Amino acid sequence: MYKVNEVFQTIQGEGYYTGTPAIFVRLQGCPVGCSWCDTKHTWQIDPDLQVTRATLITKRADSDYWAEMTPEELLQLFQEQGFQAKHVVITGGEPCMYDLVPLCEALHAGGLTTQIETSGTFEIRVPAASWVTVAPKINMAGGYAVLTSAMQRANEIKHPIAMQKHIDELVALLNHTATQDKLIYLQPISQQKRATELAIATCIARNWRLSVQVHKYLGIE
Ligand SMILES: C[S@@+](CC[C@H](N)C(=O)[O-])C[C@H]1O[C@@H](n2cnc3c(N)ncnc32)[C@H](O)[C@@H]1O
Ligand SMILES: Nc1nc2[nH]cc(C(=O)O)c2c(=O)[nH]1
Ligand code: SF4
Ligand SMILES: [Mg+2]
């Protein structure tokens, strides 16, 4: 059983798969507490806010209620909703609070590809075929050993930044975790102008890539 905050179909707006039609499964719960987090409504798992699957699918705005679903129920939901996308992004909240192996395996068996958006603060439990995006939460809960193994598993590293300090922290982390061959994206926090300018300049200087949360510019989910 997974605690699900929302399920929706949209265009992946971040990182390597930007522009790809995708079904998003947003899981409930995150203890990390990033001050600039754009999904604070997923942090708490309040037992009083559990709803049925039928209620959850009517959700149209951000809210902190959630429903329990099995992988089979999720696949059935995709069918009922008539979703066409072949790529499933599992995010949160912090999805790696959960063992994602059964969920990803069921989705793969249903002919779908999977991508995980994670902070690297929990052990990553996914099949080898899943694409893993690590947005490393440096100096946050979880500990360095967990973050190191997450960095090694990552297919891409996508770092939210607002100031030079955030870039310096990423460089130090990369130097410690032997991740030279990874795709590296900088993602300006909350479309701030200065953050975006800093990200552009740093990407050019280091031959990294820019990720700009395209969905927020488009006003889509
Ligand atoms: C909401 S998080 C959920 C997944 C996971 N907890 C994580 O942090 O990767 C999804 C992505 O959005 C990024 N993010 C969250 N709030 C943001 C903001 N205000 N500006 C830019 N990126 C943000 C996170 O760093 C992460 O890459
Ligand atoms: N369109 C769109 N792309 C996204 N990429 C990562 C997201 C997330 O919240 O994890 C996200 C999201 O919420 N919407
Ligand atoms: S780890 Fe992810 S979901 Fe949790 S607070 Fe940070 S950005 Fe938000
Ligand atoms: Mg988002």
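The values are calculated or read from the model by the stated rules, or taken from the named source; none is laboratory data. Since this is a predicted model, take the numbers as computed values, not measurements. Neighbour counts are summed over all protein chains in view; Cβ atoms, including those assigned to glycine, are modelled from backbone coordinates with ideal geometry.
List of remarks:
- Segment 75-95, residues that are without any contact (Cβ under 8 Å) to a residue 40 or more places away in the chain and either in a loop (DSSP other than H, G, I, E, B) or hydrophobic (A, V, I, L, M, F, W, C) (or both): Leu75, Gly82
- Any hit, segment 2-16, residues being modelled with pLDDT under 95, basic (Lys, Arg) and over 14 Å from Glu117 (Cβ atoms): no
- Residue match in segment 165-186 (condition: surrounded by 12 or more Cβ atoms within 10 Å (Cβ to Cβ) and over 23 Å from Val146 (Cβ atoms)): no
- Spans of strands (runs of 3 or more DSSP E) in segment 1-74 with at least 2 residues more than 16 Å from ligand 2 (Cβ to nearest atom): 67-69
- Conditions (1) part of a helix (DSSP H, G or I); (2) under 17 Å from the mean Cα position of the chain (by Cα); number of the one not met by His108: (2)
- Residue within segment 26-42 that is touching a residue at least 60 places away in the same chain (Cβ under 8 Å), within 15 Å of ligand 1 (Cβ to nearest atom) and aliphatic (A, V, I, L, M) present: yes
- Within segment 56-77, considering residues that are among the hydrophobic types (A, V, I, L, M, F, W, C) and in contact with a Leu (Cβ under 8 Å, 6 or more places away or on another chain), the one modelled with the lowest pLDDT: Ile57
- Residue within segment 133-143 that is out of contact with any Gly (no Cβ under 7 Å at 6 or more places or on another chain), exposed (fewer than 15 other Cβ atoms within 10 Å of the Cβ) and in a helix (DSSP H, G or I) present: no
- Inspection of segment 32-42 finds no residue satisfying the criterion of being under 24 Å from Thr121 (Cβ atoms) and away from ligand 3 (no atom under 16 Å from the Cβ).
- Across segment 110-125, the qualifying residues are those that are among the hydroxyl-bearing types (Ser, Thr, Tyr) and away from ligand 4 (no atom under 16 Å from the Cβ), and the one among them that is farthest from Gly33 (Cα to Cα) is Thr113.
- Hey, Thr70 surrounded by fewer than 15 Cβ atoms within 10 Å (Cβ to Cβ) and touching a residue at least 60 places away in the same chain (Cβ under 8 Å) or not: yes
- Scanning segment 182-218 for residues that are aliphatic (A, V, I, L, M) and either over 22 Å from Asn155 (Cβ atoms) or not in a strand (DSSP E or B) (or both) returns Ile189, Ala195, Leu198, Ala199, Ile200, Ala201, Ile204, Ala205, Val212, Val214, Leu218.
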